[in-house]
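Heads up, the thing below is written out as structure tokens.
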Amino acid sequence: MGGKSKNWIWLVVVFIILMIYPIIFTKPFPRHLLIMIFLYGSMGLAWNIIGGYAGQISLGHAIFFGTGAYTSTLMLMKLGISPWLGMLAGGAVSIGIAFIIGYPCFKLAGHYFAIATIAIGEIAMVCMLNWDWAGSAVGLTLPILPEGFINMEFHTTKAPYYYIAFGFLIVAVLITYGVDRSKLGYYFKAIKGDLDGARSLGINTGRYKFYALALSAFLTSICGSFYAQYVLFIDPDSTFPLILSIILCLVATLGGVGTVWGPVIGAAILIPISEFTRIQFGGGGKGTDLIIYGFLIMIISIYQPFGVIGLAKRFKKKESP
Amino acid sequence: MKRVLGFLSSIAIILVLMSPVITSAAEDVKIGVIYPMSGPIAQAGLDNKHAIELALDIINTTKYKNLNLPLAKTEGLPNPGGAKIAVVFADHQGKPDLGLSEAERLLTQAQVVALLGCYNSNVTETASMVAERMKMPFFNPESSSPQLTRRGFKWFFRSTPHDETFSEAMFKCLVDLEKKRGAKFKTIAVAYEDSLYGKDSSRIEKELAKKAGYKVVADIPYRRSATSLTSEVQRLKAANADVLFPTSYASDAILLLRTSKDLEYNPAAIMAQNSGHTDPSFIEAVGKDADGIASRSEFSLDLAAHKPLVKEVNDLFKQRSGRDFSGTSARAFVGFFVLADAINRAGSTKPEAIREALIKTNIPADQLITPWRGVKFDETGQNILGDPIVIQWQGGKSYTVWPFNLATKDLIYPIPKWSERK
Amino acid sequence: MQKGTSMLTPDIILQTVISGILMGCIYALVAVGLCLIWGLMEIVNFAHGEMLMLAMFTSFWAFALYHIDPLLSLPLCMIILFLIGVAVYFIVIRKLLKATFLAQILATFGLGIFLRYLAQFMWSPDFRVIKNPILSGNIGIGGIFVGIPQLVASICCIITFVLLYWFINKTEVGFALLATSEDREAANLMGINSHKMFALGWGIGAACLGVAGALMSNFYYIFPEVGFSFSLIAYVAVALGGFGSIPGSFIAGIIIGVVEFVTGLLIAPAFKYAFVFIIYLLVVFIRPQGLWGRY
């Protein structure tokens, strides 16, 4: 039992550090960095539910992010509804979309499913680029409202954004933990491991795949709404692109797919690297930062096929007698 | 083992937070410049970078004291005690959210006194929001979306005219052409890339066309990264408008032209919105095939006929970058000088002082390489003395063709058909 | 808000269909390369577009530095891309054979980004165009204009495809490739070195890109990001045709070309890619293994 309580102690320590972080680092950039880590960590966890646990590789998750961002923003701009409610509405719309695309797509296996999700993502992108009521390619600029929790806009300091994002991450972790330990998670893992076997056990695989996708969609959508309130500007290129879907997938995989902490660690490593390479090398105009980024993704994927957590597990195995 | 991973992540984060951002003397006045340095529009960003580096050289040294440019005669800025200007460049990769975070980073971590940028109108929009929230000056030399100066911002200044001014000029040119040549235009077609730039510009073109009594017979948005524009050109051919109004970046401008040639689409007149159609890479790629394409512009090399300064500065730029000035890099160059001049008159690096100085800006026409009457801002931060010109490609070179008093050559109309040109 | 449809005559439509077929042949060859690699070892090469970009640049530099016309440098492109394909296999892919699907996607995706920005670093983001190659101009036949580069390109793509098909189905080495893709273990037992086969597969897949790229450089502009749009279409083409069926991918490529051009003309140019993807989804929902897929 010594190992487990050690883990708890570390968790608490990390929690405390993260809680007081904004008090130590008062400039916007360090806070922004962690807000991005929290955001991508949450989305990685969301992706993990369908991709890691249920084993359905979605490369079109950006559609949920964008749906969340646009739904809450449009409700704010056209109806004056608070983003907190808009967020929930966005989540509901995303679940609806998950239903519509889920049922036909779940008939497809492996590569076909993945490419179908890419196709759906691109269709969504084209539609958003041409939908004038929703801003089309020009995008939507959120109105600058008086600061406050209800409006979810803060102008003088990033700290509230930080704590909200941190809160979302904690919720995502708890949900994932819950899924991991529950019957739901058990079904998901069964579907991933052996689809036909699961069916023969009487599991309605279609329905559970949908549950996984719906949950994943909901969480991703919430993050999208947060993003809109944080950046105060959204357009199709920043909320629906293929590269975002790939990054979500990467974040989850890097840290260890199908685990509770994997995506969080993936985000904690990947985001600083991309920021670091861009700051150090990006200004030159030669794209050096992206060369390094691509190279790192390659190396990490090749040499760590089971994610960083897998690597850690291997260390652990070597240590114990 | 989570320890190891947590440790790794912490190191990663610390590395980023401590990354040295600038290497310049502490007394330098730092300006943050945000442009696209990677991605498909990176060439524009690079050009602008060269333009600004040239401007820095002129301001910070006395090498070029003979040029009639602000601050050329002195070394550095005389008013804040001879301080030199240093620039911190950042890359927004064409993404508005990156523009936003880079703006924030530069203003807070890099201690810049003002921001300059960003070329792409959508990135300028978000980056300037940051500056406005933080009450720091934001200077925009070349983004043309009109709404940028219609947000009620107090810290945003733009030296370039915007799309409405440009489009009005294009239509004025058409009217003048009708008068001079007895031509009669009835129908127009608009074809545009589908992001903020294309949509805004085409919207204005359509509104102005309606006002002028022209009928819009084709309205064709296209994806900038399209692998082919054949269907689009087919529709244009079928519509057969009197004048084509394209709004493109360089890559689609090239594809549009080549496809038109392949499909024998012969519009009698083409009136473009700068950017792609006046980009050096466009003309390098298509050469004389571009003959006849007219475009609104803020710069043309033949302005040197009236203003030798233009040629002198262009030669210096060419030495540095291997290319001539384009409308974009010329405006970046001018914009930087306006900002530097304001900081100089402010006599300090306090934001409010710089802002006051910017409001009082009044730069005369002879100190500009662009064909403007000067630089003076109205209460929305917009330069009201910016005058566009219309250039036309002839024999592979661009010539000013409108206004007629500045023109060095006559406007070719109608554009010769492809079959006649072989 | 699409005006101008009243002037669409039958020969404009015919022209569009023909242009669509021509472009489709090129999509088809790109797709075939992808399909070959997938068929052999079930890896989707997400760096396919970037390798196409390298082919186009090879053709460009042969022209710019040594004044070799793209038509003449085509064999050179093919060989260089073949070598690149083999190199990619040995350096990157070999270690991925036992990895998860996910890791393979991400590794090849990372490779794609690496190559794209390396190209930008070395050759700048500028657009390059080959001026006045041997293949230029257009032919008009009764009001229908066909660009000569596009016409020759599609003919060459068809020829390449036929040669490839013959190679795989009628030669010893081709049989070995087929055997390896069907059952790696059994092929090993028969003395076929699967690593050599995989490397060969990658080489040939890349060589297809070499041909397609060299042909496209006659009429398309060349820059580091050019591969992306083509690769998206290639993935859809392979999935539409059915993973594992090379002729399927080829025909699917042509179908996509026609769908793109015709919907662009008749419905709305802004949505033409959406229609391509919609058609793909419709087919695949009805027939999950694609039109000619193996399973």
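The values are calculated or read from the model by the stated rules, or taken from the named source; none is laboratory data. Predicted, not measured: the structure shown is a model, and the values here were computed from it. For neighbour counting, all protein chains shown are included, and Cβ atoms are generated from backbone atoms with ideal geometry for every residue, glycine included.
Yes/no matrix, rows are residues, columns are (1) aliphatic (A, V, I, L, M); (2) crowded, with 24+ Cβ neighbours inside 10 Å; (3) not assigned by TED's automatic domain parsing to the domain that holds B:Lys199:
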position: B:Asn120; (1), (2), (3): no, yes, yes
position: B:Val123; (1), (2), (3): yes, yes, yes
position: B:Thr126; (1), (2), (3): no, yes, yes
position: B:Gln147; (1), (2), (3): no, no, yes
position: B:Phe153; (1), (2), (3): no, no, yes
- Query: Would it be correct to say that A:Thr239 is crowded, with 24+ Cβ neighbours inside 10 Å, facing another protein chain (nearest Cβ under 8 Å), within 28 Å of C:Phe277 (Cβ to Cβ) and hydroxyl-bearing (Ser, Thr, Tyr)?
  - Reply: no
B:Ala285 fails exactly one of (1) at pLDDT below 90; (2) not in a helix (DSSP H, G or I), namely (2)
The number of residues in segment B:347-390 that are surrounded by fewer than 14 Cβ atoms within 10 Å (Cβ to Cβ) and in contact with a Leu (Cβ under 8 Å, 6 or more places away or on another chain) is 2
Checking C:Asn193, C:Asn132, C:Asn169 in turn, the sole residue that is under 29 Å from B:Asp279 (Cβ atoms) and either within 14 Å of chain B (Cβ to nearest Cβ) or out of contact with any Ser or Thr (no Cβ under 6 Å at 6 or more places or on another chain) (or both) turns out to be C:Asn132
Those residues of segment A:98-113 which are within 14 Å of another protein chain (Cβ to nearest Cβ) and farther than 26 Å from C:Gly244 by Cβ amount to A:Ile100
Looking across segment B:124-174 at residues that are of a type in the set (Val, Ile, Thr) and modelled with pLDDT of 90 or more, the single one that is nearest to B:Ser202 (Cα to Cα) is B:Thr165
Is it the case that segment A:213-225 has a residue that's hydrophobic (A, V, I, L, M, F, W, C), within 14 Å of chain B (Cβ to nearest Cβ) and under 30 Å from B:Arg223 (Cα atoms)?
yes
Of the listed residues (C:Pro149, C:Pro125), the one being within 30 Å of B:Lys288 (Cβ to Cβ) and either of a type in the set (Ser, Thr, Tyr) or under 20 Å from the mean Cα position of the chain (by Cα) (or both) is C:Pro149
Next on the checklist: One residue is enough: does segment A:114-132 have a residue meeting the conditions facing another protein chain (nearest Cβ under 9 Å), at pLDDT 90 or above, assigned to a helix (DSSP H, G or I) and more than 22 Å from the chain's Cα centre (by Cα)?
Outcome noted: yes
Some residue of segment B:162-180 being within 14 Å of chain C (Cβ to nearest Cβ), under 30 Å from C:Lys272 (Cα atoms) and surrounded by 23 or more Cβ atoms within 10 Å (Cβ to Cβ):
no
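Given the structure, is B:Ile254 closer than 29 Å to A:Pro236 by Cβ, facing chain C (nearest Cβ under 9 Å), modelled with pLDDT under 90 and not in a loop (DSSP other than H, G, I, E, B)?
Yes, satisfied.
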In segment B:229-242, anything more than 9 Å from every other protein chain (Cβ to nearest Cβ) and crowded, with 23+ Cβ neighbours inside 10 Å is listed as B:Val233
Item to complete: Tell me, please, whether a residue that is loosely packed, with under 13 Cβ neighbours inside 10 Å, free of Cβ contacts under 8 Å to residues at least 60 places away in the same chain and hydroxyl-bearing (Ser, Thr, Tyr) can be found in segment C:170-189.
Response: yes
Looking across segment B:261-275 at residues that are part of a helix (DSSP H, G or I) and touching a residue at least 40 places away in the same chain (Cβ under 8 Å), the single one that is farthest from the chain's Cα centre (by Cα) is B:Lys261
Original post:
Within segment C:141-149, can one find any residue that is over 28 Å from C:Gly257 (Cα atoms) and modelled with pLDDT under 85?
Top reply: no
The condition of being under 26 Å from B:Lys184 (Cα atoms), surrounded by fewer than 24 Cβ atoms within 10 Å (Cβ to Cβ) and touching a residue at least 24 places away in the same chain (Cβ under 8 Å) holds, among B:Ala226, B:Ala212, only for B:Ala212
If you go through C:Ser229, C:Ser181, the only one that is modelled with pLDDT under 85, part of a helix (DSSP H, G or I) and within 12 Å of chain A (Cβ to nearest Cβ) is C:Ser229
Problem set entry | Meets criteria (among the polar types (S, T, N, Q) and either modelled with pLDDT of 95 or more or part of a helix (DSSP H, G or I) (or both)) for A:Ser58 | no
When segment A:294-321 is checked residue by residue, the ones that are at pLDDT 75 or above, at the interface with another protein chain (Cβ under 7 Å from one of its Cβ atoms) and farther than 21 Å from B:Gln43 by Cβ are A:Phe295, A:Ile297, A:Met298, A:Ser301, A:Ile302
Among A:Ser58, A:Ser5, the single one that is within 25 Å of A:Gly258 (Cα to Cα) and within 16 Å of the chain's Cα centre (by Cα) is A:Ser58
The residue that is farthest from the other protein chains (Cβ to nearest Cβ), considering only those in segment C:97-108 that are in a helix (DSSP H, G or I) and either of a type in the set (Lys, Arg) or in contact with a helix residue (DSSP H, G or I) (Cβ under 6 Å, 6 or more places away or on another chain) (or both), is C:Gln104
Q. Within segment A:101-110, is even one residue basic (Lys, Arg) and free of Cβ contacts under 8 Å to residues at least 60 places away in the same chain?
A. yes
With the first residue restricted to segment A:222-239 and required to be farther than 18 Å from B:Glu102 by Cα, and the second required to be of a type in the set (Ser, Thr, Tyr) and surrounded by 24 or more Cβ atoms within 10 Å (Cβ to Cβ), Cβ contacts under 6 Å at 6 or more apart or on different chains are A:Cys223/A:Ser42; A:Ser225/A:Ser72
Checklist entry - Any residue in segment C:273-290 that is over 26 Å from C:Ile91 (Cα atoms), touching a Lys or Arg at 6+ places or on another chain (Cβ under 8 Å) and buried (at least 20 other Cβ atoms within 10 Å of the Cβ)? => result yes
All conditions in (1) surrounded by 12 or more Cβ atoms within 10 Å (Cβ to Cβ); (2) of a type outside the set (Ser, Thr, Tyr); (3) more than 22 Å from A:Met43 (Cα to Cα) are true of A:Phe188 except (3)
Per the list (1) within 11 Å of another protein chain (Cβ to nearest Cβ); (2) closer than 30 Å to A:Leu254 by Cβ, residue check on C:Ser19 breaks on (2)
Residues of segment C:259-295 being out of contact with any Leu (no Cβ under 9 Å at 6 or more places or on another chain), of a type in the set (Ser, Thr, Tyr) and at the interface with chain B (Cβ under 9 Å from one of its Cβ atoms), in sequence order, are C:Thr263
